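All of the numbers you see were taken from the coordinates with simple rules; none came from a lab. Just so we're clear, the structure is a prediction, and the values are computed from it rather than from any experiment. Every residue, glycine among them, receives a Cβ derived from its backbone with ideal geometry; neighbour counts consider all protein chains shown.
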Amino acid sequence: MIDNNLNPKWITHFQIEYYFEKQQQLHWEVYDYDNENDVELIGSADTFLVDILRSPKSVYLATLVNEGKHSGTLKIKADLLN
């Protein structure tokens, strides 16, 4: 969570195992959280892990959509671990 920022930058790392023979779909959701009673979906996006890995420099821009309308862009960067 990042307070009072209309263009937040999350630095969150997590590991996903990649399987060459499988389509691995990822679903992303971004929320505006003011307090426990005021949580609003900003937008969501669906991607495939392979599309992120194939993007230039492994940086993928996912379009966030809410109620059928563009509501922002999510920048996803992948680093391959050996």
Handout entry: Residues within segment 21-52 that are among the hydrophobic types (A, V, I, L, M, F, W, C) and in a loop (DSSP other than H, G, I, E, B), tallied
Key = 0
Practice task
Give the residues of segment 57-82 that are closer than 22 Å to residue 15 by Cβ and either among the polar types (S, T, N, Q) or over 13 Å from the mean Cα position of the chain (by Cα) (or both), sorted by residue number.
Solution key: 57, 58, 79, 80, 81, 82
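Conditions tested, residue by residue: (1) surrounded by 14 or more Cβ atoms within 10 Å (Cβ to Cβ); (2) among the hydroxyl-bearing types (Ser, Thr, Tyr).
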position	(1), (2)
9	no, no
13	no, no
36	no, no
47	yes, yes
64	yes, no
Exercise for the section: For residue 61, indicate whether it is under 17 Å from residue 27 (Cβ atoms) and either touching a Ser or Thr at 6+ places or on another chain (Cβ under 7 Å) or not in a strand (DSSP E or B) (or both). Expected result: yes
